[in-house]
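Novice: First the structure, which I've put down as C-alpha cells, then a few questions once you've had a look.
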Amino acid sequence: MTHYLFIIIGAVLVNNVVLVKILGLCPFMGVSKKLETAFGMGAATTFVLTVATGASYVIDHVLLAPFGLEYLRTLSFIVTIAAIVQLTEMVIQKTSPLLHQVLGIYLPLITTNCAVLGVPLLNVANKYNFVESLLFGAASAIGFSLVLVLFAGIRERVEGADVPVYFRGVAIAMVTAGLMSLAFMGFAGLDKYQ
Amino acid sequence: MLQLFKFKGGVKPDSNKTPSVQMPIGIAPLPPLLIVPLHQSIGGKPNPLVEAGERVLKGQLIGGADQWLSSAVHAPTSGTVLAVEERVAAHPSGLPTLSVVIEPDGRDAWIERTPLDYTALEPERVREILRDSGVVGLGGAVFPSHAKLAAAKSVPMEELIINGGECEPFMTCDDILMRERAEGIVRGSGIFRDLLKARRVLVGIEDNKPEAVAAMKAAVEKLGENFEVIAVPTRYPAGGAKQLIRVLTGKEVPASKRSPEMGVQCFNVATAYTAWRAIAHGEPVLSRIVTLTGNVEQPRNWDVLLGTPLRDFVALGKPKSDTDRYLMGGPMMGFEMPGLDAPLVKATNCIIAGSPKLFPPLAPEMPCIRCGACAEVCPHELQPFEMYWFARARNFGKTQEYNIFDCIECGCCSYVCPSHIPLVQYFRFAKSEIWSREREKNMADAAKARFELRNERDEREKAEKAERLARAAAAKAAVKKAPAESVSEVQTGDTSVAAVAAAPLDAEAVKKATIVAAMERARQQRESVQPKNTEGLTVAQRKEIAEIEARRLPLQELSALNADAQSSQRKK
Amino acid sequence: MLTAILIMALGALVLGAALGFASIKFKVEGNPLVEKIEAILPQTQCGQCGYPGCKPYAEAIADGEAEINLCPPGGMEGVRKLADLLGRDVKPLDAEEKPKQVAIIDEQTCIGCTLCIQACPVDAIVGAAKQMHTIVESLCTGCELCIKPCPVECIRMETISENIDNWKWKYPVIELKRVA
C-alpha cells in the first residue's frame with residue numbers, strides 16, 4: 001500500500017512533471033493566464049493522461065513487446081494519444097456540451113503536450129505494472145493541474161502589479177515559473193524518509 | 001435592558017461634533033435665488049410641472065413623481081419661476097441637472113395645507129401622499145420612503161428601527177433635531193409603525209449624544225408610546241442601516257435580501273419627522289436641517305430651504321479666510337461640492353468648510369503591503385485589499401467575485417490604510433465601470449433582439465409578397481381560361497346598370513348617406529382614440545402640442561369648408 | 001520488418017476507423033464559439049467590419065476567416081476581449097476609434113422619403129411616407145447606416161456627451177510632485 005502512496009506523492013510533488021521534470025511547458029505558459037481556463041485545462045489533461053497511460057500500457061504489452069517492436073514505441077504512443085484526444089473531444093462535444101465548453105479549445109491542445117507522451121514512456125522505463133501505470137499517470141496529471149492552477153493564480157495577481165515595463169508578460173511569467181520550480185525542488189527533501 | 005449585539009470592524013475617528021451643537025437650530029434667511037434640482041431622490045426623474053415666468057406658492061408641486069419609485073419636488077417658497085434649465089448639481093461630477101430656478105417674492109405664501117388623519121386612510125393612499133410630499137430618506141441615501149413602507153408578504157415585520165446613529169464626524173443635524181423636535185420624530189415613527197404593522201419600535205442613538213437620548217425618551221414617555229430608546233456604543237459606522245440593525249436586533253441582512261424579508265426596516269429620524277409634517281400638517285418636504293461646521297467662525301445647524309445655493313448658506317457661518325473647499329456629507333463619505341453655485345438638496349445633511357489645516361493634503365499613495373488592516377475594520381467583512389488589487393488592474397470581474405457591491409463606501413478602509421491608499425475611490429471607480437458595462441451590454445442585447453425581429457419581419461414580408469404575386473398570376477390565368485363564361489355575366493351587369501339608371505335620384509341619396517355615415521364613423525373613431533403618450537409631459541412639451549393643434553385648427557376648418565363647397569357645387 | 005509494418009498498419013487502420021466512425025456518430029451542428037464571440041460584439045449591426053451584421057462577423061471569426069480587429073464600435077476593449085477568448089494576439093484596431101454616437105434627423109429638412117427607415121437595422125427610426133421622421137435616441141446604436149441613403153443629407157451624428165446619468169468615477173490619479 002505504501003508503495004502506491006509513494007508513487008502518488010512522488011508524481012504529484014517530488015517529481016512534478018512540470019516543475020521538476022520540465023515537461024508540458026507549452027500549456028503551462030500558454031493556458032495559465034486565467035484561473036478558470038487553468039482549471040479546464042487541468043481537468044482535460046487529467047482525463048486524457050489517465051486514459052493514455054492505460055492505453056499505451058496495453059499497446060506496449062500486447063502489440064509491441066510480444067513482437068520485439070519496442071523501437072516503435074514513440075511513434076505508436078503519439079498516434080494513440082492523438083487518436084484518444086480526438087475521440088474524447090468528439091464524445092464530449094456530443095454528450096456534454098457544457099463540459100466541452102469548459103474544456104473548449106484546450107482538448108486538442110493536449111495532443112501537443114509532451115507530458116502526455118512523457119508519462120507513458122516513463123512508465124515503461126520504470127517498469128510499472130498496469131495499476132501502477134494508471135496511478136502514476138493520474139498522479140502526474142494531478143501534479144500538472146495543481147501546478148497549473150497555482151501558477152494561474154499567481155499570474156492573475158501579477159497582472160495587477162507594477163511590473164517594470166520590460167518585464168511585463170512572458171518575462172515575469174518565466175521568472176515566476178522559475179521561482180515555483182525552485183520551491184518544488186524543495187520537495188526532493190521528502191526522499192530522505194522514503 | 002435590551003441585549004445589544006456587535007458588528008464587525010468599524011473605526012473611531014475624532015467626532016468633532018461639539019462646536020455645532022452649542023446653538024439651537026437657526027432658521028436660515030430667504031436667499032435671493034433658489035435652485036431646486038428636480039432629481040433629488042433615487043429612482044425616476046420627476047417631470048417639471050411649471051415653466052418660466054409662472055408664479056408659484058410655497059409647497060406647490062413643481063416636479064411630479066413619474067413612477068412608483070420616484071419622489072415629488074416642491075417649491076420651497078413663493079415666488080416667480082425664472083427658468084427651468086440645467087444647473088450645476090450637488091454631485092461629485094459637477095455636471096448640470098434639470099433644475100427649477102425660483103426668485104422668492106419674500107411673502108412665503110403657502111398653498112392650502114390639509115392636515116390628514118392617516119388612521120382613517122388606506123395604507124396605499126398614505127404611501128401615495130408620502131411620495132407626493134417628497135418624503136425621502138434624509139440620512140443621505142435619499143431613497144423614496146414610501147417604497148420602504150411595505151412589509152414583506154411572508155415575513156411579519158418584527159422591528160422598526162429609527163436611526164439616530166449619526167456616526168459621521170462633524171455631523172450633528174440629527175442630534176439637534178432629536179433634541180429640539182423629538183415629539184415630531186416620535187409621531188412620525190408612529191406613522192411608520194402603523195403602516196408596517198411593526199411589533200416593536202427601536203430608536204438607536206449613539207451614546208455620545210446623551211441629550212438626544214434623554215429628549216427622545218421624554219418625548220416617547222409624553223406621547224405614551226412603547227418605543228425603546230437605546231444608546232448604542234459609539235463606533236463608526238454604527239449609523240449605517242445594516243450596522244444598526246445588527247447592533248439592535250442581531251439580524252444580519254444578507255446581500256441577496258432586503259431588510260423587510262428579515263422582518264426589520266430602518267428609517268432615519270429626520271425622515272420620520274418630515275413624514276409626520278407631511279401627513280399631519282400637509283407640509284411637503286421643503287427644508288431640512290443642515291450642519292454647517294468645520295473651518296467657520298460660527299458652526300451651527302440651520303433649518304434651510306432646499307435649493308439654497310451653497311454661497312448663501314455658507315455665508316451664515318462666516319467661513320474663515322483660509323477656507324478652500326466645502327464638503328457635502330461627512331469627512332468619511334462626503335464629497336467636495338463642485339462650486340458655490342451648487343444648491344443644497346435633500347441629501348445634504350452637512351456642509352464642512354475645509355482648509356489645508358483641517359484636512360491636510362493626502363499623503364502620497366504607497367504600495368499595498370497586504371497588512372490586512374482594511375479587512376479588520378471593514379464593517380461588511382469584505383477584503384478591501386483584494387478588491388483594491390483587482391480594481392487597480394481593471395479586472396472588474398474579479399472585484400465582483402470579492403463582492404464589491406456589498407461595499408457601502410463607508411471609508412473605514414481608507415481611514416486605517418497605512419499606505420494612504422484611497423481605497424474607496426478605487427471601489428467607486430470599479431462600481432461605476434461595472435454599471436456602465438452592464439448598461440452597454442443591455443443595450444447591445446436589446447439592439448440584437450430588435451435586429452433579429454426586423455430580419456424576421458423582412459423575410460415574412462418577402463414571403464407574403466411572393467405569395468400574393470403568385471396568387472394574382474393564378475387568378476389572371478383563370479380569367480383567361482374562361483372568357484366564354486363572362487359573356488353571361490356582362491348581360492346581367494347590363495340589367496343592373498339599367499336598374500341604377502331607372503332610379504338615379506334614389507341611388508345618389510343612398511350613396512351620399514353612406515359617405516356621411518362613414519365620415520361620421522371615422523370622426524367618432526378619431527375622437528375615441530386617446531393619444532397614449534401624453535401623460536406626464538413637461539410644460540414645454542404640452543405647450544408645443546398646443547401650438548401645433550392651434551396651427552392645425554384653421555387648416556382643418558379650411559378643408560372642411562372646401563369639402564362643403566365641393567359637395568354643394570356637386571349638388572348644383 | 002513485415003510484422004512491424006503490419007502492426008503499424010493495423011493500428012492505423014483501427015484508429016482511423018474509430019475516428020471516422022466517431023466523427024459521423026458524434027457530429028454536432030453549429031459552433032458554440034459563435035455565440036460567445038457574438039456576445040462580445042457591440043450589436044450595432046453597422047457592417048463596418050465588411051460583414052452584413054454582427055452574427056456573420058462572429059461566424060467569420062469563429063471559422064478563422066476574419067481578423068479580430070475589424071469592429072470599430074467595439075473599440076480596443078472589444079479587440080482585447082476577443083483576443084482573450086480566442087487566444088489570439090491583440091492587434092491594433094483597423095480603424096479609428098470613435099466615441100459613442102447617435103444619429104439626429106434635422107426635422108426641418110426631412111422630406112419623408114422613408115429611405116433611412118429601411119436602412120436602420122434596429123428599427124430605431126419612426127415615420128411614414130411624406131411625414132417627418134425622427135430617431136428614437138435610446139434605441140439608436142450609432143451605426144451610421146442611415147446617413148448615406150438620405151437624399152437631402154438631413155441626418156448627422158452627434159457624440160453622446162457625459163451627463164449626470166452616465167457619469168463615471170474616474171480612476172484615482174496620484175499626483176506626483178517633483179521634490180526639489
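Novice: Got a sec to turn the phi values of segment B:57-68 into Karplus ³J(HN,Hα) couplings, 6.51 cos²θ - 1.76 cosθ + 1.60 with θ = phi - 60°, whole Hz, x for Gly and Pro?
Specialist: For segment B:57-68, the Karplus-derived couplings read 9, 4, x, 6, 5, 10, x, x, 4, 9, 7, 4 Hz, x marking Gly and Pro.
Novice: How much FRET efficiency would the formula 1/(1 + (r/R0)^6) give for residue B:66 and residue A:78, where r is the Cβ-Cβ distance and R0 is 56 Å, rounded to 0.05?
Specialist: Details: r = 70 Å, r/R0 = 1.24.
Computed FRET efficiency for residue B:66 and residue A:78 comes out at 0.20.
Novice: Now for a different question. Taking chain A as the reference, fit the longest principal axis to its C-alpha atoms, fit the long axis of helix A:114-126 to the helix C-alpha atoms, and give the angle between the two in degrees, 0 to 90, nearest 10.
Specialist: Orientation of helix A:114-126: about 50 degrees from the principal axis.
Novice: Every cysteine in chain B with no other Cys Cβ under 4.7 Å from its Cβ, please list them in numeric order.
Specialist: So far as the 4.7 Å Cβ criterion goes, B:167, B:173, B:266, B:350, B:368, B:371, B:378, B:407, B:410, B:412, B:417 stand without a partner in chain B.
Novice: Still on this structure: How far apart, in nm, are the 7 Å Cα→Cβ label points at residue B:460 and residue B:393?
Specialist: Rounded to a tenth, the inter-label distance reads 4.9 nm.
Novice: Can you sort B:111, B:102 by how many other beta carbons sit within 10 Å, fewest first?
Specialist: Working: B:111 17, B:102 27.
Ordered by Cβ neighbours within 10 Å, fewest first: B:111, B:102.
Novice: What are the residues whose amide H is under 5 Å from the amide H of residue B:350, where those residues sit 5 or more places off or on another chain and H is modelled from the backbone?
Specialist: Amide H neighbours of residue B:350, under 5 Å, 5+ apart: B:291, B:329.
Novice: Continuing with the same structure: Just subtract the alpha-carbon distance of residue B:117 and residue B:223 from 0.36 nm times their residue separation and send over the number in nm, one decimal.
Specialist: Taking 0.36 nm per residue and subtracting the Cα distance, the gain is 36.5 nm.
Novice: Here's another thing I want to ask about it. What does the net charge come to around residue C:169 if you take all other residues with beta carbon closer than 10 Å to its beta carbon, with K and R at +1 and D and E at -1? Could the numbers behind the result be given before it?
Specialist: Working: positive: B:428, B:431, C:168, C:170; negative: B:433.
Summing Lys and Arg as +1 and Asp and Glu as -1 gives +3.
Novice: If you don't mind, another one. For C:39-51, what's the mean count of beta carbons from other chains sitting within 10 Å of each residue's beta carbon?
Specialist: Numbers: counts 4, 2, 2, 6, 12, 5, 7, 0, 0, 0, 0, 0, 0.
Other-chain Cβ atoms within 10 Å of each residue's Cβ, averaged: 3.
Novice: How high is the relative contact order of segment C:32-86, in percent, counting Cα pairs under 8 Å that sit 6 or more residues apart? Don't skip to the end; give the middle numbers.
Specialist: Values: 58 pairs, mean separation 18.9, N = 55.
Averaging sequence separation for qualifying contacts and normalising by length gives 34 percent for segment C:32-86.
Novice: Quick check for me: using +1 on Lys/Arg Cβ and -1 on Asp/Glu Cβ, what's the dipole size of the protein assembly as shown about its Cα centre, in debye to the nearest 20? Before the final figure, lay out the partial values.
Specialist: Working: 101 positive and 103 negative charges, 167 e Å.
The dipole magnitude comes to about 800 debye.
Novice: In degrees, nearest 10, range 0 to 90: what is the angle between the Cα axis of helix C:75-86 and the longest Cα principal axis of chain C?
Specialist: Once rounded, one gets 20 degrees.
Novice: Counting only pairs 8 or more places apart or on different chains, how many lysine pairs in segment B:211-329 have C-alpha atoms closer than 29 Å?
Specialist: Values: B:217/B:242; B:217/B:251; B:242/B:251; B:242/B:257.
Going through segment B:211-329 pair by pair, I get 4.
Novice: Now, a different point. Based solely on its DSSP helices, what 222 nm [θ] is calculated for chain B when runs of n ≥ 4 H residues each add -39,500 (n - 2.57) and the sum is averaged over all residues, nearest 500 deg cm²/dmol? Walk me through the intermediate numbers first.
Specialist: Values: 15 runs with 235 residues, N = 572.
Calculated from helices alone, the mean residue ellipticity at 222 nm is -13500 deg cm²/dmol.
Novice: Place the peptides C:138-149, B:131-142 in order of packing, highest mean first, counting for every residue the other Cβ atoms within 10 Å and averaging per peptide. If you can, show how the numbers build up before the last one.
Specialist: Details: C:138-149: 18.6, B:131-142: 23.7.
Peptide ranking by packing, descending: B:131-142, C:138-149.
Novice: Amide H neighbours of residue B:325 under 5 Å, counting only residues 5+ apart in sequence or on other chains, H built in-plane at 1.01 Å?
Specialist: For residue B:325, the qualifying residues are B:354.
Novice: What is the order of B:167, C:113, fewest Cβ neighbours within 10 Å to most?
Specialist: Numbers: B:167 26, C:113 17.
Going from sparsest to densest Cβ surroundings: C:113, B:167.
Novice: I need B:389, B:110 ordered by Cβ neighbour count within 10 Å, fewest first. Don't skip to the end; give the middle numbers.
Specialist: On the way: B:389 22, B:110 15.
Fewest to most other Cβ atoms nearby, the residues stand as B:110, B:389.
Novice: Gap in Å between the Cα centre of segment B:95-174 and the Cα centre of segment B:1-67?
Specialist: 10
Novice: Report, to the nearest 10°, how far helix A:73-95 tilts away from the longest principal axis of the Cα atoms in chain A, using its own Cα long axis and a range of 0 to 90°.
Specialist: With both axes taken from Cα atoms, the answer is about 70 degrees.
Novice: I'd like the Karplus ³J(HN,Hα) series for segment B:358-374: coefficients 6.51, -1.76, 1.60, θ = phi - 60°, whole numbers in Hz, and an x wherever there's a Gly or Pro.
Specialist: 5, 10, x, x, 4, 5, x, 5, 10, x, 6, 9, 6, 7, x, 4, 5
Novice: Here's another thing I want to ask about it. Rounded if a/c is under 1.5, else prolate if a/b is larger than b/c, else oblate: which is the protein assembly as shown, with a ≥ b ≥ c the root eigenvalues of its Cα gyration tensor? Present the calculation step by step, with values, prior to reporting the outcome.
Specialist: On the way: a/c = 2.40, a/b = 1.15, b/c = 2.09.
Oblate, because a/c is 1.5 or more while a/b does not exceed b/c.
Novice: Counting only other residues whose beta carbon sits under 9 Å from that of residue B:147, what net charge do I get with K and R as +1, D and E as -1? Let's see the in-between values first.
Specialist: Working: positive: B:127, B:131, B:148; negative: none.
Surrounding charge for residue B:147 is +3.
Novice: Something else: Can you give the FRET efficiency to the nearest 0.05 for residue A:166 and residue C:95, using r as the Cβ-Cβ distance and R₀ = 41 Å?
Specialist: On the way: r = 30 Å, r/R0 = 0.74.
Working from the Cβ atoms, E equals 0.85.
Novice: Please list the non-local residues whose amide H lies under 5 Å from the amide H of residue A:24, H modeled 1.01 Å from N, same-chain partners needing a gap of 5 or more.
Specialist: Close amide H contacts, sequence-distant or interchain: A:114, A:115.
Novice: When Cβ neighbours within 10 Å are restricted to other protein chains, what is their mean count per residue of peptide C:160-167? Can you show the working numbers first?
Specialist: Values: counts 0, 1, 2, 5, 12, 5, 5, 7.
Taking the mean over all residues of the peptide, I get 5.
Novice: With label points built 7 Å along Cα→Cβ from the Cα atoms of residue B:556 and residue B:85, find their separation and express it in nm.
Specialist: 3.5
Novice: Further question on the same structure: Using mean Cβ contacts within 10 Å as the protection proxy, how do B:119-130, A:114-125 order, highest first?
Specialist: Working: B:119-130: 15.1, A:114-125: 20.9.
Averaged packing, sorted descending, gives the order A:114-125, B:119-130.
Novice: While we're on this one: Is there a simple number for the mean count of other chain Cβ atoms within 10 Å of the Cβ of residues in C:79-88, and what is it? Walk me through the numbers before you get to the answer.
Specialist: Values: counts 0, 0, 0, 0, 0, 3, 2, 1, 8, 0.
Rounded to a whole number, the mean comes out at 1.
Novice: Something else now. What FRET efficiency comes out for the pair residue A:6/residue A:95, r = Cβ-Cβ distance, R0 = 60 Å, nearest 0.05? It would help to have the intermediate numbers written out before the result.
Specialist: Working: r = 36 Å, r/R0 = 0.60.
My answer for the efficiency is 0.95.
Where a number appears in this text, it was derived from the coordinates with a stated rule and is not lab data. Remember, predicted model here, so these are calculated numbers, not experimental data. A quick note on method: Cβ atoms are made from the backbone with ideal geometry, for glycine too, and the neighbour counts reach across all protein chains shown.
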